[in-house]
Every structure is written in structure tokens, then in C-alpha cells.
Amino acid sequence: MQIRVDLPQNAYDITIAPDSLDAIGEQLQPLNLGQKVLLVSNPSIFKHYGERVQKSLESAGFAVATHLIPPGERYKTLKSIQKVYDTALQNRLERSSTFIALGGGVIGDMTGFAASSWLRGVNFVQVPTSLLAMVDAAIGGKTGVNHPEGKNLIGAFYQPKLVEIDPLVLKTLHPREFRAGMAEVIKYGIIWDADLFDRLEAAARLNSYHFINKELLEIILQRSCQAKAEVVSKDEKEAGLRAILNYGHTIGHAVESLTGYRQINHGEAVGIGMVAAGEIALQLGMWSDRDAERQNALIEKTGLPTKIPADLEVEAILETLKSDKKVKDGKVRFILPDRIGSVSISDRVGEAVVRTAIANCR
């Protein structure tokens, strides 16, 4: 299955195919990506899949260097990027060379940022291994690292040449990470695709890969990737519409940042953030109690948290929101639901409303 991200100057394909890791070298050959490749991953992912990917690349004639980054959001820093540069320099990667991200969203974001800035830009390929990366982080060209004061404040828009998705790698994904990816899938149902939301509601269980049948997994991957591709194709660099992809991420990023990226992972934070955004929408009369209940019930069915940790102070959350990258003209922009399948962007949410929403999410 192929989905086109149809951008005027940087169009590329998302390929979804079982066992495609073994064909990655063959897939890259027609794309004119140079002979030297830097494969970036983390130790656990590389242990499972690195040898297969490296063998496929070498069989296709690529010279492969590798660089491993420890797992975890706390390593998503400029210091880690410097080490990627060091490996690229040691292996004499050139402007025609390619950086390949083999891993989840953190690896993809960092590899893409390194590729965007090494020699002012080299080729970049995404091979996502987590559900969250497959349906969201690997698509659309957002790359970057965290600043100590906020998530993803340093980065660039830099599109990959290919996104290669092998659904079978999800077999080794930890259930908690699978649930984290499901937060982004639910997000697409709320912002773009009501039918996807309905299909998720109809599923008996969503909290682990092993409870998802093949047909539903195909729907999850295809519909989520299609939604992301359609939004990005209409607005590559977040001039307007693309901001809706941040649904659940405003308060979610604050929670993630304030817990030091250790207590709560990204998908869990997005789940909490969607509940909070739904609370704000309820207070503003933007959507119905029934739709809010449906959203929150689906998040709970997926096994995601819905409550802001009790030890996070309201003032700290409000202060963190002010440094969010979505702030415009000093105003925090919230993505708020009108109904299942549709959202709006608003910078007119008063502080009192946010405080009440946070209180209601305790």
C-alpha cells in the first residue's frame, strides 16, 4: 500500500508493507540517494532490526555506518545531535549521502534534524518502528530536539524522501508504547476522520497490539497516515490548517515537560491533553457532553491516562503554556473540538477557562 504526501517541491511516498525491512535497500535504489548511508537507531531497536536493515542496504550496494542513541525523550537534545554529526564526519558522509532513522518518534525527530543541518541538508529516510512514529511522527517533516524549557523548541521542517512502514515490527513494541501511538490515532478520529473514530469505538479492545486484528490494524495505519498526508499536503509548514494536528498537544506538552519526560510518555500526555481540550470546549459550548463522553471513553478504553498528575501545580502548567511553540503574538493557541471529526483553532481561551479545565482533569 502506498500513500502519497503530495507536496509541490518535496513529494514522497509512505509505503506500508509487511516484511518491508528486508527490502529497504531495494526500495531506496531508484531514489538517487547517494552511496553512503548513516543508519541512526537506539540499542534496543537496533538489536531487533538493525542487522536486517543493514544487510538489505549493503546488498543493494550502500556503504552503511551506524550511530546509536540511548532510548528516551531526555536524550532528545543538541548534545545528542552533536554526536550524530561526529559519526557523520568520521565516516565522511557527503551532501549526496542519506541519514536513515530506524526507530520511534524520538529517533526520527533527531535524525531528521541532523540531516537537515549536516552539510546544509542531506537526504533523509524514515523507517518507523513504533505505532506513534508510523501514524504521526515520521510523516510531515517536523524534526527537532527539546530545549530544557520546552518540547521541540529547536527544529526544522525537513521532509523525508520515503517513509517505509513494516507493520510486523509492532509485534515487539511494548504495550505501553502501543497505547501511546493509539493516542495519535484517536486524535485523527477527532480532528479529521469520524469514521475512523467509529471503527475504534466498535473494537472490543485497543490497549495492546495483540488484541488488534489484522483488518483493524490496516485501517488504523492507512486512515491515520492518509489523514496526516492530506493535512500536510494542504499546509506543509503550519501556516494554518496543519495546526489542528496539535490537538491534545498544548496542555499535553506542558504535562510531558513538567514531568521531566520520564513519568509520562508523549502519547500518554496527548491523551491527557485531549481530555483537557475537550473540557475547554465544553466550557465554551463548542461541543456536546455526549461527544466529550465518547472521546474520554475511547481514551480510557485504550488504557491511556486521562488525569493531570496531582503534583503538577496549575501555575507551572500555565507558565509552561506561554513558551509553547504554538504561541502567536503572545497568545496560546488551542485546538478545540466542534464535534467528532472536526476541530477549530482558537487564541481566545481565557486563563480562567484553562484553570477550570485543569481542575476538572485532576
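Within the stretch 1-18, the set of residues being closer than 18 Å to Tyr158 by Cα and assigned to a loop (DSSP other than H, G, I, E, B) comprises Asp6, Leu7, Pro8, Gln9, Asn10, Ala11.
Among residues of the stretch 112-136 being assigned to a strand (DSSP E or B) and crowded, with 24+ Cβ neighbours inside 10 Å, the one that is nearest to the chain's Cα centre (by Cα) is Pro128. Please verify whether the stretch 78-90 includes one or more residues that are buried (at least 24 other Cβ atoms within 10 Å of the Cβ), assigned to a helix (DSSP H, G or I) and modelled with pLDDT of 95 or more. No; the residues of the stretch 78-90 include none that is buried (at least 24 other Cβ atoms within 10 Å of the Cβ), assigned to a helix (DSSP H, G or I) and modelled with pLDDT of 95 or more. Total residues in the stretch 284-310 satisfying the condition of being acidic (Asp, Glu) and either outside the structural domain of Ala269 (by TED's automatic domain parsing) or touching a residue at least 40 places away in the same chain (Cβ under 8 Å) (or both): the figure is 1. Of the listed requirements (1) surrounded by 16 or more Cβ atoms within 10 Å (Cβ to Cβ); (2) touching a Gly at 6+ places or on another chain (Cβ under 8 Å); (3) in a helix (DSSP H, G or I), Leu21 misses just one: (2).
The one condition from (1) hydrophobic (A, V, I, L, M, F, W, C); (2) touching a residue at least 60 places away in the same chain (Cβ under 8 Å); (3) not in a loop (DSSP other than H, G, I, E, B) that Leu33 does not meet is (3).
Within the stretch 187-209, which residues are charged (D, E, K, R), assigned to a loop (DSSP other than H, G, I, E, B) and under 19 Å from the mean Cα position of the chain (by Cα)? Selection gives Asp193 alone. Identify the residue in the stretch 285-306 that is of a type in the set (A, V, I, L, M) and touching a Ser or Thr at 6+ places or on another chain (Cβ under 8 Å) and, among all such residues, is surrounded by the most Cβ atoms within 10 Å (Cβ to Cβ). My answer is Ile299. Scanning for something in the same structural domain as Gly341 (by TED's automatic domain parsing), aromatic (Phe, Trp, Tyr) and out of contact with any Lys or Arg (no Cβ under 6 Å at 6 or more places or on another chain), does the stretch 251-270 turn up at least one residue? Scanning the stretch 251-270, I find no residue that is in the same structural domain as Gly341 (by TED's automatic domain parsing), aromatic (Phe, Trp, Tyr) and out of contact with any Lys or Arg (no Cβ under 6 Å at 6 or more places or on another chain), so the answer is no. If you go through the stretch 233-272 and pick out every residue that is among the β-branched types (Val, Ile, Thr) and under 13 Å from the mean Cα position of the chain (by Cα), you end up with 1. Considering the stretch 91-111, and only residues there that are assigned to a loop (DSSP other than H, G, I, E, B) and not small (Gly, Ala, Ser), the residue that is surrounded by the most Cβ atoms within 10 Å (Cβ to Cβ) turns out to be Leu93. Residues in the stretch 63-83 that are hydrophobic (A, V, I, L, M, F, W, C) and farther than 24 Å from Ala180 by Cβ: Ala63, Val64, Ala65, Leu78. Against the conditions (1) in contact (Cβ under 8 Å) with a residue 24 or more places away in the chain; (2) crowded, with 17+ Cβ neighbours inside 10 Å, Ile345 satisfies every one except (2).
Residue count for the stretch 245-288 satisfying the condition of being closer than 21 Å to Asp338 by Cα and not acidic (Asp, Glu): 26. Among the conditions (1) touching a Phe, Trp or Tyr at 6+ places or on another chain (Cβ under 7 Å); (2) modelled with pLDDT of 95 or more; (3) of a type outside the set (Gly, Ala, Ser); (4) farther than 20 Å from Ala277 by Cα, the only one that Lys187 does not satisfy is (4). None of Leu258, Leu245, Leu241 is under 30 Å from Gln9 (Cα atoms) and surrounded by 18 or more Cβ atoms within 10 Å (Cβ to Cβ) except Leu245.
Hey, among the residues in the stretch 137-156 that are surrounded by fewer than 21 Cβ atoms within 10 Å (Cβ to Cβ) and not β-branched (Val, Ile, Thr), which one's farthest from Leu258 (Cα to Cα)? Residue satisfying both the conditions and the ranking: Ala156. Scanning the stretch 51-72 for residues that are crowded, with 20+ Cβ neighbours inside 10 Å, assigned to a helix (DSSP H, G or I) and out of contact with any Leu (no Cβ under 6 Å at 6 or more places or on another chain) returns Gln54, Ser56, Leu57. Checked against the criterion of being of a type in the set (Phe, Trp, Tyr), in the same structural domain as Thr259 (by TED's automatic domain parsing) and closer than 20 Å to Ile14 by Cα, the stretch 189-209 has at least one qualifying residue. Looking at the stretch 213-225, is at least one residue of a type in the set (Val, Ile, Thr), within 30 Å of Val327 (Cβ to Cβ), at pLDDT 95 or above and buried (at least 22 other Cβ atoms within 10 Å of the Cβ)? No, that holds for no residue.
The values are calculated or read from the model by the stated rules, or taken from the named source; none is laboratory data. All values reported here derive from a predicted model rather than from experimental measurement. Positions of Cβ are generated from backbone atoms using ideal geometry, with glycine treated the same way; all protein chains shown enter the neighbour counts.
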